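The values are calculated or read from the model by the stated rules, or taken from the named source; none is laboratory data. Remember, it's a predicted structure, so these values are computed and weren't measured experimentally. When we count neighbours, we look across all protein chains shown, and the Cβ atoms used for this are built from the backbone with ideal geometry, even at glycine. Heavy atoms of the whole protein, side chains included, go into the accessibility calculation; ligands, DNA and RNA do not. Shrake-Rupley method; radii C 1.70, N 1.55, O 1.52, S 1.80 Å.
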Amino acid sequence: MTTTHDVINPATEQLVRSVELATVEEADAAIARASTAGPAWRAVAPADRALLLRRFSDLVGDHQEELALLEVENAGHTIGNARWEAGNVRDVLAYYSGAPERNFGRQIPVAGGIDITFREPLGVVGIIVPWNFPMPIAGWGFAPALAAGNTVVLKPAELTPLTAMRLGELALEAGIPEGVFTVVPGKGSVVGERFVTHPDVRKICFTGSTAVGQRIMRGAADQVKRVTLELGGKSANIVFADSDLELAAARAPYAVFDNAGQDCCARSRILVERSAFDTFMEHFETAVRGVVVTDPHDEAAEMGPLISAEQHDRVSAYVEGAADDVDVAFRGTAPEGAGHWYAPTVVLPRSTTDAVWQEEVFGPVVAVLPFDDEADAVAKANDTAYGLSGSIWTRDLGRGLRVARGVEAGNLSVNSHSSVRYSTPFGGFKQSGIGRELGPDALEAFTEVKNVFISTD
């Protein structure tokens with residue numbers, strides 16, 4: 001029996017479109033088509049596979065504004081962010097279009113012959129995409145997977161399927177053969193679960209909550225299925241007294257309130273050296289109150305709404321539902337009326353054990369605490385189950401490197417909040433995930449090494 005999901009604009013709470021959700025049988029059919037298409041796709045000459053990926057990239061570029069506007073409607077992203085996201089898909093495809101011809105093996109010196117290695121595609125790759133960044137996270141998975149010669153079935157989040165569906169259409173227009181890249185809208189409990197249990201799906205790329213990632217990892221163990229997991233985060237923004245405090249404070253809101261805080265890399269814990277705490281907070285309050293939260297279609301918008309009423313309730317429970325645990329230092333502003341709006345909020349936890357300090361809020365809420373010295377800063381930053389990202393603000397390069405080496409996280413920036421570049425690896429420590437996406441070595445995650453010895457005796 002076919003079911004549907006109503007896609008709702010989170011800024012207006014109006015219906016955008018109803019989308020049919022796949023059944024288990026339809027998921028099986030998509031996986032079967034991908035498996036059947038696999039041998040022909042892996043046999044495509046590397047230069048020709050590269051050409052098809054470049055065509056796909058060009059088409060995404062041609063439709064960048066269309067995709068961006070679709071994401072504004074579907075996910076409530078600001079138009080500026082949505083343009084960047086569509087452009088990121090274009091650029092990631094262009095970057096990995098150079099990979100098929102550089103998917104090198106090695107020649108290893110051995111006695112009695114020649115030993116060479118090949119990087120062979122895995123087969124069918126299942127990609128499960130979250131609702132917070134539907135376009136770029138999809139591209140981070142399917143671009144290197146396709147470049148390596150795999151076929152892909154992609155399940156977008158139920159809340160935000162529209163851009164993924166459009167990317168699937170553009171892939172066909174670009175000449176990617178039927179069955180090589182298939183988008184299958186559906187429930188995680190139906191389509192996502194089938195990716196885990198189906199023997200023809202050789203790898204799963206999942207981005208989402210740590211709890212769901214743990215379930216996928218347990219299920220994948222039954223078939224020794226490969227997984228890449230990018231999970232939660234509770235990243236620290238460490239501000240030393242010797243930094244440019246005004247600049248650090250001005251940039252801090254955009255490290256946590258971007259996408260309404262619905263970002264695994266959000267620096268949702270700010271640690272400020274005690275001697276600079278009051279000065280930083282003065283500058284920070286000015287910056288927070290200046291964040292433009294408005295209709296995401298507006299070119300001036302810097303933050304849009306939360307994705308759903310459920311997410312709004314979850315976020316507010318950390319603040320309004322926890323009055324005994326946190327003090328609100330100050331807030332920004334947000335529209336009233338229709339839409340899942342929540343104002344940028346800065347809180348002062350009573351303890352490092354408070355939920356708002358330890359748990360991933362996934363909304364525009366940031367907690368701030370002081371620290372005493374480098375060792376205290378690193379200890380407080382590492383006092384979390386997560387380890388995805390983070391920032392260090394200091395004029396002392398040596399200190400920046402020492403602290404970066406000490407913080408247990410996969411993506412750190414000094415005097416910057418940049419977490420993601422398609423040309424560098426991305427992934428987490430601890431419960432923030434397993435494996436790395438992006439960068440020059442991404443194809444390693446989508447290939448197996450085959451060793452061949454040729455006797456010369």
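So if I take the alpha carbon set of the chain, get Rg, then get Rh from the Kirkwood formula, what is the Rg over Rh ratio?
With Rh from the inverse mean 1/r over Cα pairs, Rg/Rh is 1.00.
Can you report the principal axis dimensions of the range 253-308 using only the alpha carbons, biggest first, rounded to whole angstrom?
For the range 253-308, the Cα spread along each principal axis is 41, 23, 15 Å.
Mean separation of Cα pairs under 8 Å and 6+ residues apart, divided by the residue count of the chain: what relative contact order is that in percent?
Once normalised by length, the contact order is 18 percent.
Of the accessible area of the range 273-390, with the probe set at 1.4 angstrom, what percent is carbon plus sulfur?
Details: 2310 of 4980 Å².
In the range 273-390, the share of accessible area belonging to carbon and sulfur is 46 percent.
Can you divide the C-alpha Rg of the range 301-457 by 2.2 N^0.38 Å and report the result to two decimal places? List each step's numbers first, then the result.
Numbers: Rg = 20.6 Å, N = 157, 2.2 N^0.38 = 15.0 Å.
Computed over Cα atoms of the range 301-457, the ratio equals 1.37.
When the expected Rg is taken as 2.2 N^0.38 Å, what fraction or multiple of it is the alpha-carbon Rg of the range 54-118?
Normalised by 2.2 N^0.38 Å, the Cα Rg of the range 54-118 equals 1.85.
Taking the Cα centre as origin and putting +1 on Lys and Arg beta-carbons and -1 on Asp and Glu beta-carbons, what dipole magnitude results for the chain, to the nearest 20 debye?
Dipole about the Cα centre, nearest 20: 1560 debye.
Based on a Kirkwood Rh over C-alpha pairs, give the Stokes-Einstein translational diffusion coefficient of the range 329-415 at 20 °C and viscosity 1.002 mPa s in µm²/s.
D = 145 µm²/s.
Express the carbon and sulfur contribution to the solvent-accessible surface of the range 152-241 as a percent, rounded to the nearest whole number, probe 1.4 angstrom. Spell out each step's value before the answer.
Working: 1610 of 3020 Å².
Accessible surface attributable to carbon and sulfur in the range 152-241 totals 53 percent.
Given N residues in the range 8-108, what is Rg(Cα) / (2.2 N^0.38 Å)? Walk me through the numbers before you get to the answer.
On the way: Rg = 18.2 Å, N = 101, 2.2 N^0.38 = 12.7 Å.
Normalised by 2.2 N^0.38 Å, the Cα Rg of the range 8-108 equals 1.44.
Could you put MET281, MET217, MET303, MET165 in order of accessible surface area, largest first, with the 1.4 Å probe and the full protein assembly present? Walk me through the intermediate numbers first.
Numbers: MET281 25, MET217 90, MET303 0, MET165 55 Å².
If we order MET281, MET217, MET303, MET165 from most to least accessible, we get MET217, MET165, MET281, MET303.
Accessible area per residue, 1.4 Å probe, Å², for the range 1-131: what's the number?
Solvent-accessible surface per residue comes out at 46 Å².
If packing is taken as the mean number of other Cβ atoms within 10 Å per residue, what is the order of 145-158, 402-415, 425-438, highest first?
Highest mean packing first, the order is 145-158, 425-438, 402-415.
Which distance in Å, rounded to a whole number, links the C-alpha centroids of the range 29-93 and the range 306-349?
35 Å
If you roll a 1.4 Å probe over the range 400-457 with all protein chains in place, what percent of the accessible area is carbon or sulfur?
52 percent
Quick check: net charge around PHE118, other residues with Cβ under 15 Å of its Cβ, Lys/Arg +1 and Asp/Glu -1?
0
At 1.4 Å probe size, what's the solvent-accessible area of ARG218? Round to the nearest 10 Å².
Counting only protein heavy atoms, the figure is 150 Å².
So, for the range 190-255, what is the accessible surface per residue at a probe of 1.4 Å, expressed in square angstrom?
38 Å²
Return one quarter of the surface area of the convex hull spanned by the alpha-carbon atoms of the range 1-55, equal to its mean projected area, in nm².
Working: hull surface 25.5 nm².
Mean projected area for the range 1-55: 6.4 nm², to one decimal.
Pairs to check: LYS155/LYS380; LYS187/LYS225; LYS380/LYS430; LYS203/LYS234; LYS203/LYS430. Give those whose C-alpha atoms are more than 25 Å from each other in this structure. Don't jump to the answer; show the numbers that get you there.
Working: LYS155/LYS380 37 Å; LYS187/LYS225 21 Å; LYS380/LYS430 15 Å; LYS203/LYS234 27 Å; LYS203/LYS430 21 Å.
Result: LYS155/LYS380; LYS203/LYS234 exceed 25 Å.
Consider all pairwise Cα distances in the range 172-285 and report the whole-number % of them above 21 Å.
58 percent
Quick one: 3J(HN,Hα) in Hz for the range 283-300, Karplus 6.51/-1.76/1.60 with θ = phi - 60°, rounded, Gly and Pro as x.
The phi angles translate into 5, 5, 4, 4, 5, 5, 5, x, 5, 8, 10, 7, 2, x, 6, 5, 4, 8 Hz.
Sort out for me the Cα centre separation of the range 110-150 from the range 365-391, rounded to whole Å.
That distance is 34 Å.
Counting pairs of Cα atoms in the range 26-72, how many percent are more than 11 Å apart?
74 percent
What is the Rg over Rh value, at two decimals, for the range 108-178, using alpha-carbon atoms and the Kirkwood definition of Rh?
Reported Rg/Rh (Cα atoms, Kirkwood Rh): 1.21.
Could you tally the net charge around GLY427, taking each other residue with its Cβ under 12 Å from the Cβ of GLY427, Lys/Arg +1 and Asp/Glu -1?
Counting the neighbours of GLY427, the net charge comes to -1.
Could you tell me, in Å, what Rg and Dmax come out for the Cα atoms of the range 228-283?
12.5, 42
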